[in-house]
């Protein structure tokens, strides 16, 4: 065997030898440097000069205290704001905002920035930054100014910004603000700001928080000060996330081995891998990533698609000679990836198959995590995991932290992809890969396989188990490199709907290389009862009604306006005129105390439609087929509630689905995202399943609404009643859907105002507590989200600490 390996090594190409020599040279230099560092840090002179180095580090930390700079900036844009005196502004109704840019520099530098104001009453706004390509939702900061705390410190991205924008929240009353300017500040200044504005003056209060909020870390042997201000934390890089959450130490690998001894179900997993002219260095990494698995009961089945490069076959034969678990098959002629993958699968003897591309890599615990999942869910038929990309130099980037099984999203995006393990009998039952679907052959396979499985048999492991190689020409680098893949996906999806007997058409979204599904409506349209609670402020309701009447192409609907105690003459006249002119509009008087849940529940009893539509009165419809789109989803038997995409008037996203756990209970996905953005892995522009959607615009079949008991008018009169309704619907076995193809502007809380009074805050806290008590377990883990993403904001940032469990230590 040693002779065979020697012969194999002698046959390697010159490029491989050069890489090996470079690696050995770098390794020698690294060892020399480590020895020099060791000799230096253990020397007597190093120990004697430690006090001096400490003083120097303190000087470096303190230097920014004296090095701050006040920047000259100029207002570059103003909307719905009046400048009463220089630098003093009063908001007007609408969408008030101010935008500023530096006058003496092209950009404000990265680091800490202090904005100073003067206010006579609380002012609430959000701050967004423009790094040069438009305002980014990833850098939005929510700010509350008070007369006692009139300044705010924020940390800018390292690349700096070209301008920033202040968007005021419209409260129905004019807000006044005096802007004093911007200055860059250093670490110690931020510490003083923290003590002054966030901690108060009582040491008993702020000392524990300072201890928790400060963190010392080493960078090249020098201690630096890092401040963690809630809401002011810069975007965490993936490298930082990996360092905190995804480094596998030797102790972790040993713990996995010990845990495997406790598991009863240990089936063989056959990894199937097609190859074709694979770069030898990457091919080796792929094979060796299987050999390095903690779980050892595997076989690697490789089929080569008649590679012209003979080194591929020589490499495969060498590895197979050294490891009996590696099987190879060499095709006599080129047949492309589907046929070659089937040839690899024909070598398999394991109960389960795993899919590995020829230049990608598995994490060492990839098979272990799948075995754990199979022991927890022995009936599982298809398991997938999170993934990231890796470049030619081994650098990890662009992780996809996925949702659990999400059937609506899967018809538009193959998020299953990598790493996938499936039952071999299911693979064989559907006939394996199909020739002619190259580029989307795995999507086509998964579609046919999911048709055989129940939802609970499709499992997701929220751990990065797969590195997808991103090199020139690969799909990992850009789906646009393989345009034929999108056409193959369109055909695979269309055939899927034909097999499942669903009337639907598939369109390609070329801008994002994914798909859109249009579910066809029946020839006889069901009646939709649109329910809208309101009270006075008739201009708001009139805009909503006018947009429905003018733009809605769906013909069979009625509107039920619930008048909750309007007293203004203009309102009463409008109601009378509306009913006279439109036979399908009714106004129902309900003078009880405002209780959103009770008002809608009582209105449902008067609804004639088989479909209920709940709308806020401060909506303005955008697209004509909004109702057709929502009805097409709600008519599918497996679906419960259907929600729409809602925008603030300034074209920032208000509602893109509801994520559980955000802010303690729930928050809106991608809130604040500009129209030009696609969201996290395009999830801001694709229809998908969410745990909940907002009742500001929600459709549900009447039978489903009544089955779950409607809105909770006893415990959730105002807040979270829609989330509670959706969770009851989900608990009853239905999927909730959000579609971006039904759109409206939402002038949020214009008719009732924000929850600013002590009474409203108290009620909000009470209803929050009711939700946490009732849905405690559900709020901790949202299947439409991922435990590696934050619950501190709605923008899909990385969680500072993952909430995913580690089975080898839990």
Self-check item: region 367-490 shape via C-alpha gyration tensor axes, a/c threshold 1.5
Solution: oblate
Quiz item: Using a ≥ b ≥ c from the Cα gyration tensor of region 528-780 (square roots of the eigenvalues), is it rounded, prolate or oblate, where a/c under 1.5 gives rounded and otherwise the larger of a/b and b/c decides, a/b for prolate?
Solution: rounded
Quiz item: In what sequence do 152, 737, 524 fall when counting other Cβ within 10 Å, fewest first?
Solution: 524, 152, 737
Exercise. Would you please give the FRET efficiency between residue 805 and residue 395, computed as 1/(1 + (r/R0)^6) with r the Cβ-Cβ distance and R0 = 30 Å, to the nearest 0.05?
Key: 0.65
Exercise. Sort 301-313, 687-699 for me by packing, meaning the mean count of neighbouring Cβ atoms within 10 Å per residue, highest on top.
Key: 687-699, 301-313
Quiz prompt | Rough spin-label spacing in nm, given labels placed 7 Å along Cα→Cβ, for residue 428 and residue 324 | solution = 2.3
Exercise. Among DSSP beta bridges lying fully in region 501-592, give the percent that are antiparallel, nearest 5.
Key: 35
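Shape verdict for region 250-483, please, from the Cα gyration tensor: rounded (a/c under 1.5), prolate (a/b greater than b/c) or oblate.
rounded
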Quiz item: Rounded to the nearest 5, what is the percent of antiparallel bridges among the DSSP beta bridges in region 528-780?
Solution: 45
Self-check item: Between region 489-539 and region 336-387, the Cα center-to-center distance that results, in Å
Solution: 34
Quiz prompt | Residue order, fewest to most surrounding Cβ atoms within 10 angstrom, among 515, 76 | solution = 76, 515
Exercise. Report the calculated FRET efficiency for residue 703 and residue 546 (r = Cβ-Cβ distance, R0 = 41 Å), to the nearest 0.05.
Key: 0.85
Exercise. Output the peptides 704-712, 255-263 sorted from most to least packed, where packing is the average of other Cβ atoms within 10 Å over each peptide's residues.
Key: 704-712, 255-263
Quiz prompt | Gained length - residue 638 relative to residue 268, 0.36 nm times residue gap less alpha-carbon distance | solution = 129.7 nm
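A short reminder: the numbers here are calculations on the coordinates, not readings from a lab. Computed from a predicted model, the values in this text were never measured in an experiment. With ideal geometry, Cβ positions are generated from the backbone for all residues, glycine too; neighbour counts draw on all protein chains shown.
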